[in-house]
């Protein structure tokens, strides 16, 4: 649990503990993400995956794909020795930045894993990834879900709304 302290609260904490309070985790995480809304969605997603029995890494990972190319997923989750590198989406990005994100995600793990804020965003992203894979001639395995779907899941359930394979013939 993390709390944001007022100046008076910081003073009181220092007097009681003899130490300076640590900056709230939220402030540190916000530096690595696009907006407060995006970060809240990431934190809710992490919380839900923990409830479902996954180990969750909330610090953004930086994977070097080649000399000048990196991939930074929003979350990494692991269960039964299987890791998923998640992109958490609010539907606020323009198409061009998403294309680069999907390319990097695919290169990092051979699949794209997305958690969307709602079903509408999820369906829009799913359609965009399907279209991108066809136009780019990419074989894609997409793991996709939404926060709404995750809320309905119980431990032992698959967190995914759908797992889709886009293959070119």
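Note down the relative contact order for segment 46-169 as a percent, whole number, built from C-alpha pairs under 8 angstrom at least six residues apart.
22
Could you tell me what percent of the DSSP beta bridges with both partners in segment 32-166 are antiparallel, to the nearest 5?
Of all bridge pairs located within segment 32-166, approximately 65 percent are antiparallel.
Residue separation times 0.36 nm, minus the C-alpha to C-alpha distance between residue 19 and residue 139: what's the value?
Extending this stretch completely gives an extra 37.9 nm.
Throughout, read-outs are computed from the coordinates displayed, never taken from laboratory work. All values derive from a computational prediction rather than experimental measurement.
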